[in-house]
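The values are calculated or read from the model by the stated rules, or taken from the named source; none is laboratory data. Here the structure is a predicted model, which means the values were calculated and not measured. Every residue, glycine as well, gets a Cβ built from its backbone with ideal geometry; the counts of neighbours run over all protein chains shown. Calculation scope for accessible area: heavy atoms of the full protein, side chains included, ligands and nucleic acids excluded. Shrake-Rupley method; radii C 1.70, N 1.55, O 1.52, S 1.80 Å.
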Amino acid sequence: MAETSKTAKGGMGETVRVVIHALLIALVIRTFLFQPFNIPSGSMKDTLLVGDYLFVSKYAYGYSKYSLPFSPALFDGRIWGSEPKRGDVVVFRLPREPDVDYIKRVIGLPGDRIQVLGGVVHINGVAVKREKIDDFVEIEDGRETRTRRYRETLPNGVSYSTLDLYENGFYDNTPVYEVPQGHLFMMGDNRDNSTDSRVISQVGPIPMENLVGRAELLFFSIEEGERAWAFWRWPWSIRWSRLANIVR
């Protein structure tokens, strides 16, 4: 009987150790390697959709206090930092609300002058190449909706699609934004439905310190309005064609 009790205690202790080790490994991976992130809004359509789940690489741009759980102020700036490339899709902390994550595309680098004229992005006075492609089609409540879609190609060759909901939208014509040193200019791909660096009062240029990481891989995607935990609906609710897609 005593032997059985010792065995039970030993088994319980081993289980606790395994759980603690697993939690520590998960914490290290989340802090230094990859963090899961889900898309809550349509500001990055059609690159990213509501219901997409992706991994963000924490090491891509080095580490800041926002790389750590609860963002403790242990140090300033970034360590082992590297500058994002134009066109990267990046998760960052909102300067005015540091506990809020945003995800946008890097359009402007430090020292750049960014302006939108007639819906066309200009970088340092030069228009970014933009060509009309097939419409983005969505089905909602049995109704088909179409949105104008363009292929945009940045000076470094990075190419992606953007959506244009409205002719002469509110931010289709802007002043010139000068990107400060140590900052980035971010824009959503859904240009008329994105609160980004064009909105100075809410977002503005993003300090390098606020970067969380670079979006890398879609590991799960579920139709908008569906619940990810409702596994019995997965055969119909999962967007199977989006699984394991690289984020570009």
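Which of the residues that make up the stretch 93-145 are at pLDDT 95 or above, touching a strand residue (DSSP E or B) at 6+ places or on another chain (Cβ under 8 Å) and open to solvent by 80 Å² or more (accessible area, probe 1.4 Å)?
113, 129, 131, 132, 134
Of the conditions (1) surrounded by 14 or more Cβ atoms within 10 Å (Cβ to Cβ); (2) closer than 17 Å to residue 194 by Cα; (3) modelled with pLDDT of 95 or more, residue 171 satisfies every one except a single condition; which number is it?
Against the list (1) surrounded by 14 or more Cβ atoms within 10 Å (Cβ to Cβ); (2) closer than 17 Å to residue 194 by Cα; (3) modelled with pLDDT of 95 or more, residue 171 comes up short only on (3).
Considering only residues that are open to solvent by 20 Å² or more (accessible area, probe 1.4 Å) and free of Cβ contacts under 8 Å to residues at least 24 places away in the same chain, which ones fall in the stretch 56-80?
Residues satisfying the conditions are 70, 72, 73, 74, 75, 79, 80.
If you scan the stretch 146-168, which residues turn out to be out of contact with any strand residue (DSSP E or B) (no Cβ under 7 Å at 6 or more places or on another chain) and open to solvent by 20 Å² or more (accessible area, probe 1.4 Å)? I'd like the intermediate steps shown before the answer.
Step one: filter the stretch 146-168 for residues out of contact with any strand residue (DSSP E or B) (no Cβ under 7 Å at 6 or more places or on another chain), giving 154, 156-158, 166-168.
Hits for the stretch 146-168 are 156, 157, 158, 166, 167, 168.
Can you name the condition, by its number, that residue 198 falls short on among (1) at pLDDT below 95; (2) among the basic types (Lys, Arg); (3) not in a strand (DSSP E or B)?
It fails just one condition, (1).
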